[in-house]
């Protein structure tokens, strides 16, 4: 069994590797050769003062690659009200002020564990490349100005990923903290080699943009309906960054999955399932909001796998305003990218090998 570090992963997980792995996974999904177990989150209110413990897990398997991946996060989280928005923060509460996120990769041929590694680099790349694959099919071919809302971990992966699928000439960046967006813009400009301009407002970022990318830690809307002009493509890292008005204005919507939100289970609520991306209202006591399991109006939109497979068009005219809702992660993303990382690490002699027998048993389970 191989233990692989984030540093090892960064050295082998190029955009090209990620694009190829994820495209194959979506094609397999469209052909019925892949399977996901929808994400579920467990919450333990009352363990921390001002914060909440959350355990997130999801799985996916690929028939052709003969692997299954389990992705899990053991998090301490905090929701904060900032400037009329609710922001979700993951608290680095583990020893050394670190976070806990793991991917376990298993062989579907023998059942044995193949590798275990942190999820941080993988999850960042898989989100950005997924959105970029959608943009490859949905954004105008001549799209050249990219607006990015956010200046953090996810936003930093989206810029090079989108530059890989369109000939981007300029990037506008907005995030509320001036110092953050200016530093981020400078770093990104050096990385992608085109002008990356920090702007003073979200409206300024959207003004001349062909593609709008929300990549924030806000769980309230980031993109305004008025910015979704004819020909514009918009995307997000979670559906709450769009509001209903913006999505209703779109001529075409594609979603990541019809399992529109995690299945949340909260201590004190028995086995009741709360479907919400962040059940903050429920946990704060407003239970009438979070228990509404009514599916959103966009739930019957085509899924990304159908667009990648060519059975549904991503765009039919330059005038269409399009939206990709990257509404929830899928286990097959971690199976696909995780398997690619494992193969690259094995080929290059990276990682630390430990006895697989430590994880096997002679007692019938």
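Just one of the numbered conditions (1) farther than 27 Å from residue 306 by Cβ; (2) over 22 Å from the mean Cα position of the chain (by Cα); (3) not assigned by TED's automatic domain parsing to the domain that holds residue 346 is not true of residue 97: (3).
For the range 304-325, a residue qualifies if it is crowded, with 23+ Cβ neighbours inside 10 Å and not in a helix (DSSP H, G or I), and the qualifying residues are 314, 322, 323, 324, 325. Scan the range 295-325 for residues that are at pLDDT below 95 and closer than 15 Å to residue 235 by Cβ and the total you get is 1.
The residue that is surrounded by the fewest Cβ atoms within 10 Å (Cβ to Cβ), among those in the range 326-351 that are more than 17 Å from residue 23 (Cβ to Cβ) and at pLDDT below 95, is 328. Here is a check on your reading of the model: is residue 363 in a loop (DSSP other than H, G, I, E, B) and in contact (Cβ under 8 Å) with a residue 24 or more places away in the chain? No, not satisfied.
The rows are residues; the columns are (1) closer than 18 Å to residue 237 by Cβ; (2) part of a loop (DSSP other than H, G, I, E, B); (3) in contact with a helix residue (DSSP H, G or I) (Cβ under 8 Å, 6 or more places away or on another chain); (4) assigned by TED's automatic domain parsing to the domain that holds residue 319.
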{"position": "136", "(1), (2), (3), (4)": "yes, no, no, yes"}
{"position": "140", "(1), (2), (3), (4)": "no, yes, no, yes"}
{"position": "154", "(1), (2), (3), (4)": "yes, no, yes, yes"}
{"position": "161", "(1), (2), (3), (4)": "yes, no, yes, yes"}
{"position": "166", "(1), (2), (3), (4)": "no, yes, yes, yes"}
{"position": "172", "(1), (2), (3), (4)": "yes, no, yes, yes"}
{"position": "180", "(1), (2), (3), (4)": "yes, no, no, yes"}
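Selection of the range 38-57 for residues being touching a helix residue (DSSP H, G or I) at 6+ places or on another chain (Cβ under 8 Å) and outside any strand (DSSP E or B) yields only 45. Only one entry in 251, 179 is touching a residue at least 40 places away in the same chain (Cβ under 8 Å) and surrounded by fewer than 23 Cβ atoms within 10 Å (Cβ to Cβ), namely 251.
Of the residues making up the range 22-30, none is part of a strand (DSSP E or B), touching a strand residue (DSSP E or B) at 6+ places or on another chain (Cβ under 6 Å) and either outside the structural domain of residue 232 (by TED's automatic domain parsing) or free of Cβ contacts under 8 Å to residues at least 60 places away in the same chain (or both).
A count restricted to the range 68-101 and to residues that are touching a strand residue (DSSP E or B) at 6+ places or on another chain (Cβ under 6 Å) and farther than 13 Å from residue 119 by Cα stands at 15.
Residues checked against (1) closer than 19 Å to residue 333 by Cβ; (2) assigned by TED's automatic domain parsing to the domain that holds residue 238; (3) at pLDDT 95 or above; (4) buried (at least 20 other Cβ atoms within 10 Å of the Cβ):
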{"site": "45", "(1), (2), (3), (4)": "no, no, no, no"}
{"site": "59", "(1), (2), (3), (4)": "yes, no, yes, yes"}
{"site": "63", "(1), (2), (3), (4)": "yes, no, yes, no"}
{"site": "78", "(1), (2), (3), (4)": "no, no, no, no"}
{"site": "84", "(1), (2), (3), (4)": "no, no, no, no"}
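Within the range 192-216, restricting attention to residues that are over 17 Å from residue 135 (Cα atoms) and either in the same structural domain as residue 90 (by TED's automatic domain parsing) or surrounded by 20 or more Cβ atoms within 10 Å (Cβ to Cβ) (or both), which residue is modelled with the lowest pLDDT? By that ranking, first place goes to 216. Residues in the range 146-163 that are surrounded by fewer than 19 Cβ atoms within 10 Å (Cβ to Cβ) and closer than 29 Å to residue 316 by Cβ: 160 alone. Considering the range 95-107, the residues that are touching a residue at least 12 places away in the same chain (Cβ under 8 Å) and farther than 12 Å from residue 120 by Cβ include one that is surrounded by the most Cβ atoms within 10 Å (Cβ to Cβ), namely 105.
The values are calculated or read from the model by the stated rules, or taken from the named source; none is laboratory data. On a predicted model such as this, the values are computed, not experimentally measured, just so you know. All Cβ positions, even for glycine, are placed from backbone atoms using ideal geometry, and neighbour counts span all protein chains on display.
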